[in-house]
Each structure stands twice: as C-alpha cells, then as structure tokens.
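So the structure is just underneath, and the comments pick up after that.
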Amino acid sequence: MDLTKKLLLIKELHFLNHSVVHGSYSKAAEKLGKKQSNLSKDVHSFEERIGVKCFSNVNHGVMATHEGLEINEKAKMIDGILYDIENYSKKTHCISGDIKLWTTDGIGICLMPYLTAFSRKYPDVYVNTVCSNEMPSFTNRETDVAILYAEPKISEPVIVEKFSLRFGLYASASYVSAHGYPKDFDDLIMNHYISDRYEYSNTWNEWRCLIQRAKHVVSYTNSTNMLVQSTKSGLGIALHPINYAKGEPDLVPINVGFELEHPCYLVYHKLTENTEKIKALIQHIEQVLNQL
C-alpha cells in the first residue's frame, strides 16, 4: 500500500471512530468541522472498498455493526500508536510535561490536597484533572491515569491496583452546637437531620436502610463538593471519607457505630508505566491511597 492510500485509510478510520462514538454522521461531522454529506460519503466509500458494512441506519442516527466495532477497535489501537509517536520526546521521558488524570469528584476532593505536594516536588509536571463518573478509554488515550470507584474493563491494555476507602458520619461544629450530638444510632435516625448523596443508596445497602428509616432527610445531591459544603454549613449529618474528613477542622465525627468501606481502583495504561512522569505520579497516588 502506497503512502497516499495509507493516509486516506487513517483519515477514514478517524471518521469511522467519530461516527461510532457519536452514533450520528451529522454529530461526528459537526465535531470534526466537516459537512455531514462529505463525511457519510467518505464512510460509505471506505465500506465499499473493504467490502464490509460498518453501520446500520437507526432513528436519528447510525449504529455500528459487529464488524464496524471490530474495525473501530483496531482504529483506536492505531490512534494510540500515533499518540505515542507524536509524544515520543525527551520531555515525555523525564519528569516534566502533561499528565491526564481522570477521577470522580468524590475521590478528586480527597486527592487534591495531596496533589499540591506532588506539584511542589515536580514543578515541571502539569496534571490535567478531569472529574467524571464515566470510565475513560485508555485505548483512545483519553487519560493516562485514572482513580475510579467502578472496576474497569480488563479488555483494555491497563494495569489495575485496588484500594479501599473508609467512610464515616460527620457534622459541623455549628450543627452539633445547635442540635446536640446523637446519643446513639436510633437517636440519629429519629431526631437528627441527614444529608444524602444519590449514589450512596445504590452503593451500600446499609446506607439505603438508614435513609429509609431516617425521619429528617433534608437534602439530596449528586455532588461530593455540594455534600461537603452542606455539611460544613450545618445543614445536616452526612457520610464522608474518614481520612479526608479528619483534615477538615470544620467537621466533627459522629461516632454511633456506623462506618462503611468502598473499593477504588488505580488504573493506568501498560505502555506508560515506565514513563518517568507517569511513574512518579502513580507512586505518589499509591502512597496517598494507602493513607486514605
């Protein structure tokens, strides 16, 4: 295959990948800054040339066929290789440059104070942190390192290390001053205000039972930051990571015999584990997670 055909193939695979991701030629074209008619024409030309139908039409878009998904996986591998080549420089192999870190906002709020120490130690490393509950693609290099509550797909070329976070009940000093300290668990659920996070009931049966029995659930949120702020403001008692809360002078532990644990997963791409800047961040995060 000559160079012109190779370049055409890479371009078409790029269009195919965006069409798979967005489930629509028009959305993929908008993302790529192309006309929808030109993108769909390029995809159809690719299908005709290789003799495989990659998409089926569905309401309001397209859906990748089994063959289309298989080709897209190979396209992502090529994209990953091109990413490595593009970033293969001296800067990549010393402790400097950019690192993409993906985590949830819950883990992020616990981790951020410790990232300050990493930044002071490695001032030439810029950590670009994205908080999301969705698992990023390592094959597509959406991230270099991730810390997640959900166990990742082992089908991707990743290394996974498992840790455990402990959670306990906390209130603000202003709340305790205004409403008193719960005498026991029954006093907590009968006479005190509780702040809840939506995901907690799906994560722990014990928490779901507490919320069902509690007489005064005063707030719900899907944000860890909002839960922290509502607790600090004295709105109610809430569940927080224990070692994080210990570092918050505004939070008072509510010791009524109620603690929970949840696993978290440190994940990174196999091809980056020996890159110095990635290795340094992973070692730092491992130390932090062992503390938490």
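The values are calculated or read from the model by the stated rules, or taken from the named source; none is laboratory data. Every value quoted in this text rests on a predicted model; they were computed, and no experiment measured them. Neighbour counts run over all protein chains shown; Cβ positions are idealised from the backbone, glycine included.
For the stretch 214-237: of the residues being part of a helix (DSSP H, G or I) and out of contact with any Asp or Glu (no Cβ under 9 Å at 6 or more places or on another chain), which is surrounded by the most Cβ atoms within 10 Å (Cβ to Cβ)?
Just the residues of the stretch 214-237 that are part of a helix (DSSP H, G or I), to begin with: 224-232.
Next cut, out of contact with any Asp or Glu (no Cβ under 9 Å at 6 or more places or on another chain) only: 226, 229-230.
Details: 226: 15, 229: 12, 230: 21.
Only one residue tops the list, namely 230.
Being assigned to a helix (DSSP H, G or I) and either without any contact (Cβ under 8 Å) to a residue 40 or more places away in the chain or touching a Pro at 6+ places or on another chain (Cβ under 6 Å) (or both) is the filter; apply it to the stretch 260-286 and report the residue that is farthest from residue 96 (Cα to Cα). Filtering the stretch 260-286 for residues that are assigned to a helix (DSSP H, G or I) and either without any contact (Cβ under 8 Å) to a residue 40 or more places away in the chain or touching a Pro at 6+ places or on another chain (Cβ under 6 Å) (or both), the one farthest from residue 96 (Cα to Cα) comes out as 270.
Just one of the listed residues (44, 22) is surrounded by 16 or more Cβ atoms within 10 Å (Cβ to Cβ) and assigned by TED's automatic domain parsing to the domain that holds residue 79, and it is 22. Close contacts from the stretch 102-114, counting a first residue that is of a type in the set (D, E, K, R) and a second that is part of a loop (DSSP other than H, G, I, E, B), with Cβ to Cβ under 8 Å and a gap of 6+ residues or different chains, come to 105/223. Scanning the stretch 91-118 for residues being of a type in the set (Gly, Ala, Ser), surrounded by 13 or more Cβ atoms within 10 Å (Cβ to Cβ) and outside any loop (DSSP other than H, G, I, E, B) gives a total of 3. Looking across the stretch 188-203, the residues that are modelled with pLDDT of 95 or more and either of a type in the set (Ser, Thr, Tyr) or outside any helix (DSSP H, G or I) (or both) come down to 192, 193, 194, 195, 196. Here the stretch 3-55 is the region considered, the condition is being assigned to a loop (DSSP other than H, G, I, E, B) and farther than 14 Å from residue 71 by Cβ, and the residue that is farthest from the chain's Cα centre (by Cα) is 35.
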